[in-house]
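The values are calculated or read from the model by the stated rules, or taken from the named source; none is laboratory data. Here the structure is a predicted model, which is why all the values come from computation and not from measurement. Glycine also receives a Cβ, built like all others from the backbone with ideal geometry; neighbour counts cover every protein chain displayed. Please note that ligands, DNA and RNA were not included when accessible areas were found on the heavy atoms of the full protein model with its side chains. Shrake-Rupley method; radii C 1.70, N 1.55, O 1.52, S 1.80 Å.
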Amino acid sequence: MGKGHAVYSVHPDSTVYEALKVLVDKNVGALVVIDKDKFLGIFSERDYARRVILKGRASKETTIREIMTEHPITVTEDETIEVCMSKMTDKRIRHLPVVDDNGRLIGLISIGDVVKYIMDEQKNIIENLECYIHGTHH
């Protein structure tokens, strides 16, 4: 599955406020948490809503390390789109970090990426069927 944009990251000692600015500036829903090239976790809008706002914390004093999702569910680059969709649906998550065999981060897949991929596949199938139907009846 191809991915068209960069993966944005945040340091675990950054404040939630700083991370939120990146989410807004880059128009993304999650950031991977990286320290010295080591993938530590993920920070999402959901983490913010559940672990900062609802707990009455201040986003300028709270660090990403305090509220990030550690050891998130991941996939490898050879997983099928069906496996990705199944993990996202079963675990009710919107982002899947993609890691190599050594656990190093390669990328990040969002639920939007999965939906777009499936829609593109269906469009191709429909176009092929239309060509087949028109080709056999004309």
* Report yes if ARG50 is among the basic types (Lys, Arg) and either touching a Leu at 6+ places or on another chain (Cβ under 7 Å) or without any contact (Cβ under 8 Å) to a residue 40 or more places away in the chain (or both), otherwise no. => yes
* So which residues in region 21-78 are open to solvent by 30 Å² or more (accessible area, probe 1.4 Å), aliphatic (A, V, I, L, M) and over 15 Å from VAL7 (Cα atoms)? -> ALA49, ILE53, LEU54, ALA58, ILE73
* **Residue selected from region 91-120 under the condition open to solvent by 70 Å² or more (accessible area, probe 1.4 Å) and in contact (Cβ under 8 Å) with a residue 40 or more places away in the chain, by the criterion nearest to GLU77 (Cα to Cα)** => ARG104
* To do: Mind telling me which of the residues VAL16, VAL7, VAL52, VAL33 ends up being more than 30 Å from ASP120 (Cα to Cα), of a type in the set (Val, Ile, Thr) and in contact with a Gly (Cβ under 7 Å, 6 or more places away or on another chain)?
  => VAL33
* Structure fact -> Among GLU18, GLU82, the single one that is open to solvent by 90 Å² or more (accessible area, probe 1.4 Å) and in contact with a strand residue (DSSP E or B) (Cβ under 9 Å, 6 or more places away or on another chain) is GLU18
* **Any hit, region 111-128, residues being part of a helix (DSSP H, G or I), farther than 24 Å from LEU23 by Cα and among the basic types (Lys, Arg)** => yes
